[in-house]
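Report on the structure given below.
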Amino acid sequence: MGFWKSLFTGADTVPSTQLPQSGGVLAEVPTGDDRGGRIFFSTDREIDLYELEELCDAVGWARRPIRKVRKAIQHSFLVVSMWEQRGSRKRLIGFSRATSDHAFNATIWDVVVHPDYQGKGLGKTLMKQLIKKLRSEDISNVTLFADPHVVDFYRTLGFMPDPEGIKGMFWYPD
């Protein structure tokens with residue numbers, strides 16, 4: 001529960017340097033290696049969709065039509081992307097988005113971190129930035145859908161199955 005508590009109390013449990021909100025930059029963290037560079041988080045929606053497709057390919061996600069991905073991003077309440085920058089080269093290494101009713105509820109979708117950057121705490125930091133931004137918009141009920149192999153990751157962030165045992169329902173076209 002410490003993760004969620006930090007979002008409500010303003011405590012910062014993940015080391016990061018807050019940057020000005022100009023250009024949609026939320027935060028920056030060191031790359032953790034001796035090659036220099038930086039990793040930063042942005043709310044800028046101007047993302048090369050082919051670069052996003054390559055990121056999704058790297059984790060084995062099924063391809064989706066680019067026009068639909070563009071529409072999903074345009075209609076999302078919030079988009080947070082994660083970038084590695086070395087010199088003038090910038091590379092998309094993580095992505096997440098949330099839809100919302102703009103008052104009470106948000107649902108997180110499409111959380112992806114490049115395999116080369118997994119296991120370093122960057123997925124946790126990406127989620128923290130997303131949730132912190134949702135909380136700053138006074139959204140208090142945050143949900144997500146997770147594939148079985150990542151459920152434990154989300155549990156470490158304080159997500160839990162519905163405590164009242166209510167089961168989600170889905171409708172799919174035939």
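The values are calculated or read from the model by the stated rules, or taken from the named source; none is laboratory data. This is a predicted model, so every value here is computed, not measured. Backbone-built Cβ (ideal geometry, glycine too); neighbour counts: all protein chains shown.
One line per residue, one yes/no per condition, for (1) surrounded by 15 or more Cβ atoms within 10 Å (Cβ to Cβ); (2) β-branched (V, I, T):
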position	(1), (2)
R67	no, no
V79	yes, yes
R86	no, no
L122	yes, no
T125	yes, yes
D138	no, no
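Please state which of the following conditions G165 fails to meet, knowing it meets all the rest: (1) among the small types (G, A, S); (2) outside any strand (DSSP E or B); (3) touching a helix residue (DSSP H, G or I) at 6+ places or on another chain (Cβ under 8 Å).
If we test G165 against (1) among the small types (G, A, S); (2) outside any strand (DSSP E or B); (3) touching a helix residue (DSSP H, G or I) at 6+ places or on another chain (Cβ under 8 Å), just (3) comes out false.
Return the only residue of D147, D110 being under 24 Å from R64 (Cβ atoms) and either surrounded by 15 or more Cβ atoms within 10 Å (Cβ to Cβ) or of a type in the set (A, V, I, L, M, F, W, C) (or both).
Values: D147 fails: either surrounded by 15 or more Cβ atoms within 10 Å (Cβ to Cβ) or of a type in the set (A, V, I, L, M, F, W, C) (or both).
Being under 24 Å from R64 (Cβ atoms) and either surrounded by 15 or more Cβ atoms within 10 Å (Cβ to Cβ) or of a type in the set (A, V, I, L, M, F, W, C) (or both) holds for just one of D147, D110, which is D110.
From the residues in the range 17-49 that are under 18 Å from the mean Cα position of the chain (by Cα) and assigned to a helix (DSSP H, G or I), which one is modelled with the lowest pLDDT?
Here the answer is G23.
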